[in-house]
Structures are given as structure tokens and as C-alpha cells.
Amino acid sequence: MTDTRPILFFDSGVGGLSVLGPTRALLPGAPFVYVADSAGFPYGTKTEAEIAARVPALLGRLAERYHPRLIVIACNTASTIALAAVRAALDLPIVGTVPAIKPAAALSKTRAIGVLGTDATVRQPYVDDLAARFAADCLVVRHGSAELVQLAEAKLRGEDGSADRYRAILAGLFDQPGGDRIDVIVNACTHFPLVVEELAAAAPHAVRFVDGSEGIARRVAYLTQGQSWPDSPGDGVAVFTGHADHGALVPALARYGLMRVETL
């Protein structure tokens, strides 16, 4: 029998589209549901306790409603705080998103890397552990930016952000002690690859940006290997948990195959 269960992507906003894109490219026959927790947005300024309480409960409701074969938590903040709790609560594969510190350290020539994320992500012990395990010989400079999340959301609504705002955000990395040596920056928030061109243009010198989206796509493909898919994936579904007007996002959602919009 044809298996029509979707792959469900989850984020606080539209940042997870940066992970959905490469996954769709690897699995063009797969049906997708993309959930933006707009009622809880943004996560990066919330406390660990708030996120730990909200995310597992909400994903439980979503699993009951959409019956996914696999869930991707396409949000670094939610993953670094709540991934273990979600895996314990749900009896299906859960793929998380973690800062790409290991590949960044492998690429760095100067042995100085930047980690650009939300405030909630960059202060996590999980990030300390990744840095100790994979970048022990590197200077690891961190900076949290809630504004960059908003700039990425605005870009997908068709709004432009000024180059000065991007330069000011990057100064949070480059102006720290040793920051002038940074040659690789980890985009440790799924929103940030959506504005990587703007970030690259605003950097004071040439720098490489890395994120985990391609690796996550490969992981999803591996976990679903050998599974059956519907004859046609049909229209992807975008789900928002809040009732605000999301009309300005419709063209961007359509570029990722999300042709239907629902409110939870």
C-alpha cells in the first residue's frame, strides 16, 4: 500500500525552510507539512523552561493531527533545549538541528570560528560540549542576535533590510577579542541561511558560512530509505499556530512547495 504519511518540519517561524529546501531536493516524492509556531515566536528570547514546556507538548498535538512518519525540529534553539524530551515523548524518529561547529572547525585556517545564533542557543551547555569536542584548538566566538531572526522573517515577506543592520550584527562577533581572525561562521539558527548573501556582503573580510541543512537532509533521506511514497506528493502544507495574517509569506512558502496554509 502507498504510505501517505508526511515528513513534518517544525520551527518557531520560517527559518526551517532553509532545511526543508535541501530535503525536498533529495526526496521529491515525499509529502511535507511545515509548522511555524507563530504563536510562540520568537524562541530565541524565551527561557529554557518555557521552551522545554512548550515544544514537546505542541509536537505531541501535531503528531496526533498529521500522523507524520518522521519529525524534523528545524530549529537550533528548540533542538538544543528540548530534543531529548521530544524523543522520549514520541514513538517516531525525531531529527534535530545542532550548530555545525564540527565542519566549521574542519574548514577554519585561522583556527578562529564564529557561532551566530539566538541568545538562547549560544548560551547552551550543548554548544560548550560541541566546541570542546570538535573545536578544542580553535577560538570559538559566540554572538546571539534576535534582530537577525526578524530580518530573515522580513526578507521572506518581501521586505529589505539595510546593510548597516547586518554589519552591526556581525560586529558582535568580529569586535570581540580575537574576532578579527574569524574565517568561518556557523549559522546556528535556521533563519540565518535565508540571509547568508546579506551577511557575506556585510562581513569586513572574506568569510565562509556553514550550517547543518545539507546534513539534516541526508539524515532524513537515510532514515526513510526503502519506505514507500505516494504516487504524487501533493501540495505541501504550511501550518501556523497563531492567527495573524500570513498572506505576505504565501509567495515564499510556494517556492518551497507549500501551497496550502492552515492555522492550528
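Tabulated data
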| read-out | value |
| --- | --- |
| Selection count where residues are among the small types (G, A, S), open to solvent by less than 40 Å² (accessible area, probe 1.4 Å) and not in a loop (DSSP other than H, G, I, E, B), scope segment 29-56 | 1 |
| Filtered residues of segment 210-246 (kept if open to solvent by 40 Å² or more (accessible area, probe 1.4 Å) and either closer than 20 Å to F41 by Cβ or touching a strand residue (DSSP E or B) at 6+ places or on another chain (Cβ under 8 Å) (or both)) | D211, R219, L223, P233, D235, H243, A244, D245 |
| Residue in segment 220-236 that is of a type in the set (S, T, N, Q), closer than 25 Å to S38 by Cα and touching a residue at least 40 places away in the same chain (Cβ under 8 Å) present | no |
| Q176 vs. criteria closer than 22 Å to T45 by Cβ and open to solvent by 30 Å² or more (accessible area, probe 1.4 Å) | yes |
| Cβ pairs under 9 Å, 6+ apart, first in segment 87-114 and within 21 Å of G16 (Cβ to Cβ) and touching a residue at least 40 places away in the same chain (Cβ under 8 Å), second aromatic (F, W, Y) and part of a helix (DSSP H, G or I) | V98/Y126; P99/Y126; I101/F134; P103/F134; A104/F134 |
| Unmet criterion (only one of (1) surrounded by fewer than 17 Cβ atoms within 10 Å (Cβ to Cβ); (2) out of contact with any helix residue (DSSP H, G or I) (no Cβ under 7 Å at 6 or more places or on another chain); (3) among the acidic types (D, E)) for E153 | (1) |
| Per-region count, segment 208-248, residues modelled with pLDDT of 95 or more and either on the phi > 0 side of the Ramachandran plot or aliphatic (A, V, I, L, M) (or both) | 9 |
| Helices (runs of 4 or more DSSP H) within segment 57-141 that include 2 or more residues open to solvent by 50 Å² or more (accessible area, probe 1.4 Å) and not basic (K, R) | 76-89, 101-107, 125-134 |
| Counted residues, segment 203-244 - those being closer than 20 Å to L130 by Cβ and part of a strand (DSSP E or B) | 3 |
| All positions within segment 1-28 that are open to solvent by less than 40 Å² (accessible area, probe 1.4 Å), small (G, A, S) and part of a helix (DSSP H, G or I) | S18, G21 |
| Pairs with Cβ under 7 Å, 6+ apart, first in segment 166-178 and at positive phi, second at pLDDT 95 or above | G178/A112; G178/L139; G178/V141 |
| Condition met for A152 (part of a helix (DSSP H, G or I) and within 21 Å of G15 (Cβ to Cβ)) | yes |
| Subset of segment 1-55 [touching a helix residue (DSSP H, G or I) at 6+ places or on another chain (Cβ under 6 Å) and without any contact (Cβ under 8 Å) to a residue 60 or more places away in the chain] | A52, V55 |
| Among (1) part of a helix (DSSP H, G or I); (2) among the β-branched types (V, I, T); (3) over 25 Å from V250 (Cβ atoms); (4) in contact with a Leu (Cβ under 8 Å, 6 or more places away or on another chain) - the single one V195 does not satisfy | (3) |
| Checking D183 against (1) touching a residue at least 60 places away in the same chain (Cβ under 8 Å); (2) more than 19 Å from T45 (Cα to Cα); (3) in contact with a Leu (Cβ under 7 Å, 6 or more places away or on another chain), the condition it does not meet | (3) |
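The values are calculated or read from the model by the stated rules, or taken from the named source; none is laboratory data. None of the values given here were measured: they were computed from a predicted structure. Glycine gets a Cβ as well: all are built from the backbone with ideal geometry, and neighbour counts include every protein chain shown. Areas reflect the complete protein model, heavy atoms only, side chains present, ligands, DNA and RNA absent. Shrake-Rupley method; radii C 1.70, N 1.55, O 1.52, S 1.80 Å.
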